[in-house]
Amino acid sequence: MIATISGAGGFIGQTLTRKLRDKGWAIRIIDRERLSLPENIFSKEMIEGSDVIINLAGAPISKKWTPGYKKEILESRINTTKKIAAGIRTATLKPTIFISASATGIYASTGEHTESTGTFGNSFLTEVCRQWEEAALACNDLTRVVILRLGVVLGSGGGMLGGVEGLFRFGLGGRLGNGRQSFSFIHINDLVDAILFTIENSSIHGIVNAVSPFPTTNADFTDKMGKVMKQPAWISVPAFALKLWFGEGAQVFLEGQRVLPEKLQEAGFRFRFPTLQNALMHIYR
């Protein structure tokens with residue numbers, strides 16, 4: 001099997017690439033140099049003959065959102081996805097599946113969302129996700145397309161935990177704002193398993209919520225993370241401080257979506273780390 005991966009150098013991409021190579025897969029990596037290739041050459045070298053395309057590319061969102069950086073957040077996702085979709089259209093031997101990342105940030109921060117009942121928010125992140133998904137679905141007539149709406153991905157050495165682990169180890173962890181915002185997450189191993197499950201189950205297509213079946217809150221995450229680290233987590237970072245530091249980007253920390261993985265569960269996928277306690281204990285055991 002041959003998999004072509006964009007964003008292979010990121011936290012999710014590195015873990016996924018190791019897993020696929022361990023299973024004997026050949027990997028093609030789409031990097032910036034290859035993205036700059038003319039469309040016909042890109043299609044021939046990266047897409048033609050690949051069994052699976054997995055698109056994970058995108059600039060980090062947990063930074064201050066200047067107008068220039070907002071443009072980078074959007075274009076790093078849309079341009080890569082459009083290039084891959086165009087490559088699939090050009091290729092003679094097309095992949096059997098195109099998996100493209102999105103995020104639960106597309107949903108409103110109120111209510112509970114499944115793939116069939118979710119309502120969209122009204123924010124910059126919502127618009128980014130909407131355009132991101134639209135770019136991938138443009139080749140829905142050419143191959144099976146799966147859009148993974150990712151929650152917070154938890155794992156050792158990277159992602160969200162990589163940014164806060166040091167603070168919690170020194171007793172400096174704390175809730176953000178009032179702590180009541182929803183926290184929909186997935187363990188990195190469950191995410192990689194879900195990607196493989198999606199590849200192997202041809203009945204799965206369209207939107208898939210890649211989240212644990214038991215979403216929680218920022219306050220609960222703070223409490224459990226402090227206990228796992230055996231450190232107090234009493235500090236509270238007020239909303240105004242986050243807004244001063246991150247500007248509009250503070251919504252990443254102060255808003256959350258309560259999301260359920262209805263489609264994965266209905267297809268029979270089993271989570272190894274369904275609860276936050278399961279996930280954190282495995283990561284820091």
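Hey, among the residues in the stretch 115-133 that are of a type in the set (S, T, N, Q) and assigned to a helix (DSSP H, G or I), which one's nearest to Glu72 (Cα to Cα)?
Checked the stretch 115-133; the qualifying residue nearest to Glu72 (Cα to Cα) is Gln131.
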For the subset of the stretch 103-116 comprising residues that are polar (S, T, N, Q) and under 18 Å from Phe183 (Cβ atoms), which member is surrounded by the fewest Cβ atoms within 10 Å (Cβ to Cβ)?
-> Thr110
Mind checking which pairs have a first residue in the stretch 155-182 that is touching a residue at least 24 places away in the same chain (Cβ under 8 Å) and among the hydroxyl-bearing types (Ser, Thr, Tyr) and a second that is assigned to a loop (DSSP other than H, G, I, E, B) and surrounded by 16 or more Cβ atoms within 10 Å (Cβ to Cβ), Cβ under 9 Å, 6 or more apart or different chains?
-> Ser182/Ser109; Ser182/Pro215; Ser182/Glu255; Ser182/Gly256; Ser182/Gln257
List the helices (runs of 4 or more DSSP H) that sit entirely inside the stretch 203-285 and contain at least 3 residues that are buried (at least 16 other Cβ atoms within 10 Å of the Cβ) and more than 22 Å from the chain's Cα centre (by Cα).
-> 218-229
Test: residue in the stretch 173-190 that is closer than 16 Å to Ala279 by Cα, touching a strand residue (DSSP E or B) at 6+ places or on another chain (Cβ under 6 Å) and at pLDDT below 95 = no
Under 7 Å by Cβ, and 6 or more places apart or on different chains, what pairs join a residue from the stretch 233-245 that is in contact (Cβ under 8 Å) with a residue 24 or more places away in the chain with one that is aliphatic (A, V, I, L, M)?
-> Ala233/Met225; Ile235/Leu172; Val237/Leu176; Ala239/Leu254; Leu242/Leu176; Leu242/Ala250; Leu242/Leu254
Need at least 3 residues that are closer than 21 Å to Cys129 by Cα per element, so show me which strands (runs of 3 or more DSSP E) inside the stretch 1-80 make the cut, counting only ones lying wholly within it.
-> 52-55
Is one or more of the residues making up the stretch 84-98 part of a strand (DSSP E or B), crowded, with 18+ Cβ neighbours inside 10 Å and at pLDDT 95 or above?
-> yes
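The values are calculated or read from the model by the stated rules, or taken from the named source; none is laboratory data. Because the structure is a prediction, the values reported are computed rather than measured. Heads up, the Cβs are rebuilt from the backbone with ideal geometry, glycines too, and the neighbour counts pull from every protein chain shown.
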